[in-house]
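Throughout, read-outs are computed from the coordinates displayed, never taken from laboratory work. Bear in mind the structure is a predicted one, so any value in this text is a computation, not a measurement. Positions of Cβ are generated from backbone atoms using ideal geometry, with glycine treated the same way; all protein chains shown enter the neighbour counts.
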Amino acid sequence: MKNINDVLVNLDPILYSNIKNALYSIYKLDTESEEFKALKNEYSELNEALYVVSVNSNNSEGTIFLDAKGKVVLKAPFFANLLPYQALGFDIEISSFTGNHPLGKILNSNFKF
């Protein structure tokens, strides 16, 4: 399967870093859904949108929409977490957070409680 860098060639490096470090989540939009079509009627910038990026924190302020190559088409002041999604079609290498953790070996093993 392709990697995120092979598909989203115009993705901002800081945005990519935030996705890789699991600070943001990325989803592929179901552009044929009624919900997305209704949203496009309100925001014409979304005509080119194919991906949505959401911040993984409680105090975030909105959603970022990307085109097919990763260029930002809209930084929306609303959350798009109720839109239908599809499979991404590429892999994302997520950074390991256990490397320097005191219990790193246990967390990376098949540890069971």
Calculate, in whole percent, how much of the Cα-Cα pair population of the stretch 4-107 lies beyond 15 Å. 64 percent
Sequence-distant or interchain residues sharing an amide H contact under 5 Å with residue 74, placed H: which? 65
Sort 90, 36, 78 so that the residue with the fewest other Cβ atoms within 10 Å of its own Cβ comes first and the one with the most comes last. 78, 90, 36
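Taking the Cα centre of the stretch 4-107 as the origin, how large is its charge dipole in debye, to the nearest 20, when only Lys and Arg (+1) and Asp and Glu (-1) carry charge on their Cβ atoms? Numbers along the way, then the final one.
Values: 8 positive and 13 negative charges, 73 e Å.
Computed charge dipole of the stretch 4-107: roughly 360 debye.
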